[in-house]
Amino acid sequence: MTHFEPQTMGQQFGRRSWAEPWKIKMVEPLRVTDRDTRERALDEAGYNTFLLRSRDVYIDLLTDSGTSAMSDRQWAGMMMGDEAYAGSVNFFHLESAIQHYYGYRHILPTHQGRGAEHLLSRAAIKPGQLVPGNMYFTTTRAHQELAGGEFADVVIDQAHDPDDPHPFKGNVDLDKLDTLIATRGAANIAYVSLAATVNMAGGQPVSMANAKALKALCERHEIKVYLDATRLVENAFFIQERELGYQATRIADIVKEFTSHTDGAWSSAKKDSLVNIGGWLAVNEWPLFEELRNQIVLFEGLHTYGGLAGRDMEAMAIGIAESMQDDHIRSRIGQVRYLGELLTDWEVPIVHPVGGHAIFLNARAFYPQLSQDEFPAQTLAAELYLDSGIRSMERGVVSAGRDPKTGGHHYPNLELTRLTIPRRVYTQAHMDVVAESVKTVWDNRTAATGLEMIYEPKYLRFFQARFKPRHG
Ligand code: F0G
């Protein structure tokens, strides 16, 4: 054979692998630390991975938010920033990218997702109103509550079970929502807050059929559906893979069809859209947009920059287009699955099915000896860091926070530690190293004794809370 013939090679080895649809042009060195250094660093950080310095972290799986590697085209776009205070050319690029790919009419840029959540919650929730959603997200619920709303969970029950194999564990339970409407009255519902995918359930998708049926139910009661589109492209991948009739539909077309079943959306562009900072808010309705456009000047900035530099908006416009490429999203989720499959082969308990952006370790199954008051998922994040310098994030009782009415802890059924995979950043070899460290911590699981919280901030406590070991 004088030249490479993929077909022949495939037959010869009997396998066909996927690979990233890019190659690496610039690298950033990693720092490996010893255990003594990590013990000191974790102690200084109050056993909270959010309080570690990143120079003390080896492989950083804290979050997929703002941690993507940008493409050469995005960096080129950064150089084309029009830093005018008003009417920047980059704003108009961003506006047309969102209109084209997401299909909404009126667009506002925001500094990140929670900026958009803040504006929408202030404008669309009256104090005392309910906001039903398919499981809570930390910042989303916090802003709904700050605006006087009350969150009501209407996700299907399967979402709360880490082992349930349902292909669309992010779906809204339409019976639960119907009952809520019947008992509380449609006028007492601000809007339905629909997230695709559902982060806290393990990056679980919503089916197209569910989004469509939800819209029909809400229209009958004149209730709006607003979408958290932060990871909608990942959601579209699961629809393409699992929902009958979508196997030949392009990701971009699935995204557009999905948003057509909603009245507006917000997004943290730091995830799907491959940028290090940025977000947006988009609605179709004029009076609401007018209100949002007026509010944005108080909290974010003028309506044509929303807290961002022109260059950031340009990178976002390009990132949105790149994120919709079928081969991009296949390799992104392929890498997450690769890690999930290694851990599953070794019988380490994780949330199934594997979702879009992360592997979620089931900390309850790691540490049956710990109650939720001893913070099993926080403990697991600490143990993993001590073992290898890998940084993960607690997604259990600490993240769930307190009920604003009773003051008591929310005790979520899911007590998880998230290994979140940044986009286009780490290689398959890094995933091997991560899996091996998780396996070591799993093998040593009976020795864990849990943590005690010694400092608790008022809002979103998981970011800044401090802990100490219960024995030691
Ligand atoms: N919605 C979802 C589903 C998110 O995952 C996030 C952020 C936000 C909204 C808020 O956006 O951070 O830009 O203000 N999630 C990050 C995470 C922090 O690690 O999951 P933001």
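A short reminder: the numbers here are calculations on the coordinates, not readings from a lab. From a predicted model like this one, the values you see are computed outputs, not experimental measurements. When we count neighbours, we look across all protein chains shown, and the Cβ atoms used for this are built from the backbone with ideal geometry, even at glycine.
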The chain: D in µm²/s via Stokes-Einstein (Kirkwood Rh, Cα pairs, 4 °C, 1.567 mPa s)? 56 µm²/s
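In debye, nearest 20: dipole of the stretch 72-323 around its Cα centre with unit charges on the Cβ of K, R (+) and D, E (-)? Intermediate results must be reported in sequence, preceding the final value.
On the way: 21 positive and 32 negative charges, 54 e Å.
It comes to approximately 260 debye.
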How would you rank 263-273, 42-52, 352-362, 74-84, highest first, on the average number of other Cβ atoms within 10 Å across their residues? 263-273, 352-362, 42-52, 74-84
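Cut-off is 10 Å between beta-carbons; in what order do D327, D72 appear when sorted fewest neighbours first? Don't skip to the answer; put the middle values down first.
On the way: D327 13, D72 10.
In order of increasing Cβ crowding within 10 Å: D72, D327.
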What is the distance, in nm, between label points placed 7 Å from the Cα along the Cα-to-Cβ direction at D178 and at D326? 3.6 nm
Could you give each residue of the stretch 161-171 its phi-based ³J(HN,Hα) in whole Hz, using Karplus coefficients 6.51, -1.76, 1.60 with θ = phi - 60°, and x for Gly or Pro? 10, x, 9, 5, x, 3, x, 10, 6, x, 4
Need the list of aspartates and glutamates near K468 for cross-linking: C-alpha distance under 14 angstrom, and skip anything on the same chain fewer than eight residues off. E39, D43, E44, D373, E374, E383, E452, E456
Would you kindly derive the ³J(HN,Hα) couplings of the stretch 218-225 from the backbone phi angles with the Karplus curve 6.51 cos²θ - 1.76 cosθ + 1.60 (θ = phi - 60°), listing them in order in whole Hz, with x for Gly and Pro? 5, 4, 4, 9, 6, 10, 7, 10
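Based only on other Cβ atoms within 10 Å, what is the fewest-to-most ordering of R38, R250? Write out the running numbers ahead of the final one.
Numbers: R38 20, R250 14.
Ordered by Cβ neighbours within 10 Å, fewest first: R250, R38.
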Rounded Å value of the spacing that divides the Cα centres of the stretch 428-451 and the stretch 90-108: 43 Å
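Is the stretch 72-323 rounded, prolate or oblate when judged by the Cα gyration tensor, a ≥ b ≥ c being the square roots of its eigenvalues, rounded requiring a/c under 1.5 and prolate requiring a/b larger than b/c? Don't jump to the answer; show the numbers that get you there.
Working: a/c = 1.98, a/b = 1.31, b/c = 1.52.
It is oblate, given that a/c is not under 1.5 and a/b is not larger than b/c.
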The set of residues whose placed amide H lies less than 5 Å from the amide H of F151, leaving out same-chain residues fewer than 5 positions away, is V131
Starting with the fewest neighbours, write out M70, M200, M316, M393 ranked by other beta-carbon atoms found within 10 Å of each beta-carbon. M70, M393, M200, M316
Exceeding the 28 Å Cα-Cα cut-off - candidates K215/K271; K126/K405; K224/K270; K169/K215; K126/K169; K23/K169: K126/K169; K23/K169
Percent of beta bridges antiparallel (DSSP, the chain, rounded to nearest 5): 65 percent
So what are the ³J(HN,Hα) numbers for the stretch 256-266, from phi and the Karplus equation (6.51, -1.76, 1.60; θ = phi - 60°), rounded to whole Hz, Gly and Pro as x? 5, 5, 4, 5, 5, 8, 10, 9, x, 7, 10
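In debye to the nearest 20, how big a dipole does the chain give about its Cα centre with +1 on each Lys and Arg Cβ and -1 on each Asp and Glu Cβ?
Working: 49 positive and 60 negative charges, 83 e Å.
Here the size comes out at about 400 debye.
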